[in-house]
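Read through the structure below, which is laid out as structure tokens, and then see the notes.
The values are calculated or read from the model by the stated rules, or taken from the named source; none is laboratory data. Since this is a predicted model, take the numbers as computed values, not measurements. Positions of Cβ are generated from backbone atoms using ideal geometry, with glycine treated the same way; all protein chains shown enter the neighbour counts. Surface accessibility is based on the protein's heavy atoms, side chains included, excluding ligands, DNA and RNA. Shrake-Rupley method; radii C 1.70, N 1.55, O 1.52, S 1.80 Å.
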Amino acid sequence: MATTKPGERKLQILQALAAMLEHPKGEKITTAALAARLEVSEAALYRHFASKAQMFEGLIEFIESTVFGLINQISEQQENGLAQVHAIAGMLLNFAERNPGMTRVLIGDALVNEDERLQLRMNQFVERVELSLKQALRIAVTQGEAQEGEVAARANMIASLVLGRWHRFAKSGFKQSPSENAQAQIALLLA
């Protein structure tokens, strides 16, 4: 294992943690179980992360950078505000579908027995997502496709729809697709 490049081991640890999160009915995720999966010692994990909470922070940083990078791309490429809302919501659902282990982090399920600041950070993430939806809806207002007085309520409803679909996906053991019929429901919320 000494042949790994700097930074590569850290990524391997985060990938293994995400993979373990894809099996919610499996054993509790401990540093011992994670080390065993990677065939390294727990001390080797702690050379890269000071704590298990720091490992989860690494996953959260990946989620944040990926999601908000994609939201920025959508905002730059799509001028129509309602189309931005559809694209952002669709991307959030597709992200969860492609990253089932991360979905457990998104909904806070994987963070239940972890440091409280991790859940607070995910709550802030959801608030930022809702803010992005509000910004797109405000563009729709300037384009005459939405009412200013409805921006906050519609952004909250769409964020709630996304959160609900993430929960359903995770609670179904990743069998219930979060994106199935979602665009039709989002269209109803924006009508």
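What the table below lists for this structure:
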{"quantity": "Residue that is farthest from residue 92 (Cα to Cα), among those in the range 126-165 that are in contact with a Leu (Cβ under 8 Å, 6 or more places away or on another chain) and among the small types (Gly, Ala, Ser)", "calculated": "146"}
{"quantity": "Given (1) open to solvent by 50 Å² or more (accessible area, probe 1.4 Å); (2) within 19 Å of residue 155 (Cα to Cα); (3) more than 17 Å from the chain's Cα centre (by Cα), number of the condition residue 141 does not satisfy", "calculated": "(1)"}
{"quantity": "Close pairs from the range 45-56: first open to solvent by 10 Å² or more (accessible area, probe 1.4 Å), partner of a type in the set (S, T, N, Q) and not in a helix (DSSP H, G or I), Cβ under 6 Å, at least 6 apart", "calculated": "none"}
{"quantity": "Residue tally, condition in contact (Cβ under 8 Å) with a residue 60 or more places away in the chain and over 10 Å from the mean Cα position of the chain (by Cα), over the range 57-67", "calculated": "1"}
{"quantity": "Residue list for the range 91-105, filter: in contact (Cβ under 8 Å) with a residue 24 or more places away in the chain, open to solvent by 10 Å² or more (accessible area, probe 1.4 Å) and part of a helix (DSSP H, G or I)", "calculated": "91, 94, 95, 97, 100, 102, 104"}
{"quantity": "Residue that is nearest to residue 172 (Cα to Cα), among those in the range 123-138 that are of a type outside the set (S, T, N, Q) and buried (at least 20 other Cβ atoms within 10 Å of the Cβ)", "calculated": "129"}
{"quantity": "Total residues in the range 72-90, condition surrounded by fewer than 22 Cβ atoms within 10 Å (Cβ to Cβ) and within 15 Å of the chain's Cα centre (by Cα)", "calculated": "1"}
{"quantity": "Total residues in the range 135-191, condition β-branched (Val, Ile, Thr) and either on the phi > 0 side of the Ramachandran plot or modelled with pLDDT under 95 (or both)", "calculated": "1"}
{"quantity": "Yes/no for residue 189 being closer than 17 Å to residue 71 by Cβ and without any contact (Cβ under 8 Å) to a residue 60 or more places away in the chain", "calculated": "no"}
{"quantity": "Some residue of the range 129-143 being assigned to a loop (DSSP other than H, G, I, E, B) and touching a residue at least 12 places away in the same chain (Cβ under 8 Å)", "calculated": "yes"}
{"quantity": "Qualifying residue in the range 160-169 (condition: under 30 Å from residue 30 (Cα atoms) and not in a helix (DSSP H, G or I))", "calculated": "no"}
{"quantity": "Residues of the range 141-179 satisfying the condition of being more than 19 Å from residue 87 (Cα to Cα) and either of a type in the set (Ser, Thr, Tyr) or in contact with a Ser or Thr (Cβ under 7 Å, 6 or more places away or on another chain) (or both)", "calculated": "169, 170, 172"}
